[in-house]
Structure formats: structure tokens, C-alpha cells
Amino acid sequence: MNFCSACGGRVERKPTGCDGQIRYVCARCDSVHYDNPRVIVCCAVCLRDKVLMCRRAEEPGAGQWAVPAGYLEIGESLEQGAARETREETGLIVDPARLELCSVVNMTAIQQIAIMFRVILDSEPDLVPGPECSEVAFKSIYELSEPSFAWRATMGDGPERFHRELISGEFTIQLITIGAPDGSGFRSREYKVASIHETLLPLAQPQQ
Ligand SMILES: [Zn+2]
């Protein structure tokens, strides 16, 4: 960031607020510009013990396989964003209401947070690779060599654990911290899912 979005003045990095955090501050109007992590939404679409993967046509990870993922847009729920990315990358329409939370991932080194969902299909769908993918297919993690699996080294035992859960039908939610690109610093905390309850309140009617 070079210029203030409020007045067009030049911004500088300086300590702000009671915590002294270094932020962009406008030299002309004193507006503080907060720089917060971005949210990535991911969707693991499962069919038996396989997961729908995309072969990435673009960097980063060009030529490697990854689940549909991308940045959450303003105005979207997490589930809507994950369903949109799935449709854009694979042509598959999934109902956001059917997505189950499976992991929350801290990626502080790259200022991102990833939220991953799971949805289980009971039959093989028609797929159409999107412009960012050269190929889409259901893959078992054991069919993918480590170099062909995008960011595999950073994922710890996550893929094996996910595969075990698909086979057993006993699911967890993982709170994960991704460390260095070589995989060091990976940490995962597991929460067993005993049951899933949903509450849906009707929207308030506007006052006449
Ligand atoms: Zn300004």
C-alpha cells in the first residue's frame, strides 16, 4: 500500500494504538489502514475413499493436484464460497447447506486462514474443469506422489487422517497450524464430532 484510500495521501508504516502495532497510517489525514489476514475456503468433495482434486493450470502449484480452493468474497458465507470455488474449478454444483466443517488452518506466515469443508457424494458426477484447472478427477491420496500433491509437505498427517475418517465414517474437526514450507512447525488439534445440530431462525420481518 502506498496511498490512503480515504484521501489519496501518502501512507507510512508506524506504531499505532495502545498496542503499538505497526500499521499503514496516512501522513495527511491520519487514517489507520488495517491489514488483516485473508480467508481461503476449500472443499473436499468425497466419493467413497477418493477426493475431488484439480490439477492446477496456474502458479502457484502449476501441474500439481489440490482440492478446489480460493479466496472468500465479500458477502459470501464460508460454505457459499467453498461451493462457488468447487463449481468454478470442477463444474460440480454442491449445496452449501450440505458442507460440513472439517478444518480451520492457521497460515500466519502468508497472512491467510483456510477453512476446509467436506461433502460426501453417493454417485459419480459430471465434471467440467474450470479455466484454472487442466484436469479434475477423484483421487485417493495414495494415488498421488508427494511431488504431484500441491503443498503436501506442509500438511503433516492431514491427508492420511482425512482418508482414515472417510473409510471409518468417524469425523473430526482439526485446528491446524501450518509451519514452514518444509513441514516443520506443523501442529494439529483434533475435535471429535459426536453429533451435528443445526438451528435456523426465520429472518425478522421488516416493520410496516
Ligand atoms: Zn488519508
**Relative contact order (percent, whole number), the range 46-193, Cα cutoff 8 Å, 6+ residue spacing** = 27
**Asked** Highest GNM mean-square fluctuation, the chain, Cα pairs closer than 10 Å: which of R13, R55, R87?
**Response** R13
**Item:** In nm, spacing of pseudo-spin labels at T199 and A180 (7 Å Cα→C-beta vector)
**Value:** 4.5
**Request:** Sort the range 88-172 into rounded, prolate or oblate with this rule: let a ≥ b ≥ c be the square roots of the eigenvalues of the Cα gyration tensor; rounded if a/c is under 1.5, and if a/c is not under 1.5, prolate when a/b is larger than b/c, oblate otherwise.
**Result:** rounded
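Quick check on the chain: of the DSSP beta bridges with both residues there, what percent are antiparallel, nearest 5%?
Among the beta bridges of the chain, antiparallel pairing accounts for roughly 70 percent.
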**Prompt:** Using mean Cβ contacts within 10 Å as the protection proxy, how do 191-199, 171-179 order, highest first?
**Reply:** 171-179, 191-199
**Request:** Roll a 1.4 Å probe over the protein chains and send me the accessible area per residue for the chain in Å².
**Result:** 63
**Prompt:** In terms of Cα to Cα distance under 26 Å, which lysines are near enough to K192, apart from those fewer than 8 places away along the same chain?
**Reply:** K50, K139
**Asked** Hey, in the GNM for the chain with a 10 angstrom Cα cutoff, which one of E190, E100, E124 fluctuates hardest?
**Response** E124
**Asked** From the square roots a ≥ b ≥ c of the eigenvalues of the alpha-carbon gyration tensor of the range 155-197, which class results: rounded (a/c under 1.5), prolate (a/b over b/c), or oblate?
**Response** oblate
**Item:** Heavy atoms of C43 accessible to a 1.4 Å probe, total area in Å² rounded to 10
**Value:** 0
**Request:** Calculate, for Y191 and A97, the FRET efficiency according to 1/(1 + (r/R0)^6) with r their C-beta to C-beta distance and R0 22 Å; round to the nearest 0.05.
**Result:** 0.55
**Item:** Surface share of carbon and sulfur [accessible, 1.4 angstrom probe, percent] for the range 105-203
**Value:** 57
**0 to 90° range, to nearest 10: angle between helix 158-168 axis and the chain longest Cα axis** = 40
**Fill in**
For the chain, longest principal axis from Cα atoms; helix 78-90 axis from its Cα atoms; angle between them, nearest 10 degrees, is 60
**Asked** So what's the back-of-envelope 222 nm ellipticity for the chain, counting only DSSP H runs of four-plus at -39500 (n - 2.57) apiece and dividing by all residues, rounded to 500?
**Response** -3500 deg cm²/dmol
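The values are calculated or read from the model by the stated rules, or taken from the named source; none is laboratory data. Small disclaimer: the values here were computed from a predicted structure and weren't measured. A quick note on method: Cβ atoms are made from the backbone with ideal geometry, for glycine too, and the neighbour counts reach across all protein chains shown. For accessibility, only protein heavy atoms count, side chains too; no ligands or nucleic acids. Shrake-Rupley method; radii C 1.70, N 1.55, O 1.52, S 1.80 Å.
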